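Notes for the one structure printed next.
The values are calculated or read from the model by the stated rules, or taken from the named source; none is laboratory data. Keep in mind that this is a model prediction, so the values were computed, not measured. Note that each Cβ is placed from the backbone with ideal geometry, even for glycine, and that neighbours are counted across all protein chains shown.
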Amino acid sequence: MPGMLEEVAKLAPGTRFREAIDRIIRAQTGALIVVGGEPDIDQDCKGGFYLDVPFHPALLYELAKMDGAIVLDATVSRIRMANVEIHVHMEAETFESGIRHRTAERLAKTRDALVVAISERRGTVSLYRQNERFVLHDLGYILSKAQGAVNSLSRYDRLFRAAVRRLAEAELYAGVMLQDVVEVLRRGLVAIEMRQELHGYVVELGKDGHLIDLQLEEFGDIQREWRWIWRDYQSEDAEPFGLRRSSANLSDDDWYRALGYGRTEGEKLLVPRGYRILHLIPRLPDGVIQQLVRRYRDVRALAAASPADLDQVEGVGPQRAGLIYRALHPNDAG
């Protein structure tokens with residue numbers, strides 16, 4: 001939920017907004033805070049009083065002692081209104097139980113605003129934006145989850161890179177079965193999802209997430225290489241990146257269909273187009289790679305071309321032709 005993560009960042013530890021929320025939680029006053037949505041949000045606000053003053057944590061905390069909602073601007077730099085009664089569109093569906101949270105969900109679904117509901121009794125903080133809901137967790141819980149995700153990412157990153165090495169060895173010589181390609185892509189997708197999950201934890205942790213962020217930097221971003229492998233093996237007729245579910249919910253048949261193959265073609269031998277190996281060559285522009293793939297169609301035809309043949313492709317030239325040839329013939333002493 002990339003859109004919601006942007007909203008979570010506004011309340012991350014270390015922000016002035018989070019300082020105010022922590023004070024409200026400790027005081028057990030509860031609150032309903034609306035962020036943004038102007039000018040349409042004003043139509044839903046009745047009573048209360050208009051402030052339009054600079055945001056300050058202590059002021060927001062004091063205003064939360066009153067029963068009404070508080071309205072901030074979209075940048076959380078000004079407090080616009082306080083102690084207002086929110087008139088929501090009752091046709092908006094809600095599955096929440098408390099009045100404060102029902103109001104928050106309905107308002108978020110009908111206005112372009114972030115709505116924060118702080119439970120008076122339980123001290124939980126719920127964020128609503130359009131049809132999304134996000135509950136802020138205890139920092140100790142998030143740190144524990146994040147460390148577990150780091151361990152999982154480490155494992156799947158190793159598995160993906162080992163699978164890619166085996167794939168590379170088979171590509172130029174024996175050929176690759178579709179089921180082996182799917183296994184490489186599956187492991188890579190799990191690692192990509194783990195990385196995205198960790199990014200969410202880092203955002204939610206705010207200033208307390210720097211150690212997790214440092215650990216995350218130890219792992220290279222495999223998404224580009226994953227996409228090159230996909231482009232190497234997808235059928236001509238396949239829609240690009242035709243996956244709509246998480247890796248845990250994808251069967252082999254789902255992968256085969258997404259790549260453009262039938263469910264019985266798992267043992268079909270495939271030859272890559274050459275996107276992955278060409279992208280690993282330094283300073284080789286995307287336009288030149290497209291020209292090479294269009295000209296030779298697959299990596300075996302590329303490997304059979306001499307440096308002089310490669311030099312004939314638009315944008316290659318003698319120096320790049322030599323680099324490409326050596327990349328395709330790593331064991332050629334000449």
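When you scan the range 4-22, how many residues do you find that are in a helix (DSSP H, G or I) and either touching a residue at least 60 places away in the same chain (Cβ under 8 Å) or within 23 Å of the chain's Cα centre (by Cα) (or both)?
Residues flagged as in a helix (DSSP H, G or I) and either touching a residue at least 60 places away in the same chain (Cβ under 8 Å) or within 23 Å of the chain's Cα centre (by Cα) (or both) within the range 4-22 amount to 10.
When you scan the range 118-136, do you find a residue that is touching a residue at least 12 places away in the same chain (Cβ under 8 Å), of a type in the set (Ser, Thr, Tyr) and not assigned by TED's automatic domain parsing to the domain that holds residue 91, even just one?
no
Suppose we keep only residues that are touching a Phe, Trp or Tyr at 6+ places or on another chain (Cβ under 8 Å) and assigned to a loop (DSSP other than H, G, I, E, B) within the range 74-85. Which one would you say is surrounded by the fewest Cβ atoms within 10 Å (Cβ to Cβ)?
Once the filter is applied, the top-ranked residue is 77.
Does any residue in the range 264-280 that is over 23 Å from residue 294 (Cα atoms) come within less than 8 Å, Cβ to Cβ, of a residue that is of a type in the set (Asp, Glu) six or more places away or on a different chain, and which pairs are these?
Matching pairs, first to second residue: 266/252.
Within the range 23-49, track down each residue that is surrounded by 16 or more Cβ atoms within 10 Å (Cβ to Cβ) and in a helix (DSSP H, G or I).
Result: 23, 24, 25, 41, 44.
Let me confirm something: among 138, 180, which residue is at pLDDT below 90 and acidic (Asp, Glu)?
138
Within the range 247-279, restricting attention to residues that are in a loop (DSSP other than H, G, I, E, B) and out of contact with any helix residue (DSSP H, G or I) (no Cβ under 7 Å at 6 or more places or on another chain), which residue is surrounded by the most Cβ atoms within 10 Å (Cβ to Cβ)?
So the residue we want is 250.
Give the residue, chosen from 96, 105, that is surrounded by 15 or more Cβ atoms within 10 Å (Cβ to Cβ), in contact with a Ser or Thr (Cβ under 7 Å, 6 or more places away or on another chain) and without any contact (Cβ under 8 Å) to a residue 40 or more places away in the chain.
105
Mind counting the residues in the range 135-161 that are loosely packed, with under 13 Cβ neighbours inside 10 Å and not in a helix (DSSP H, G or I)?
Count: 2.
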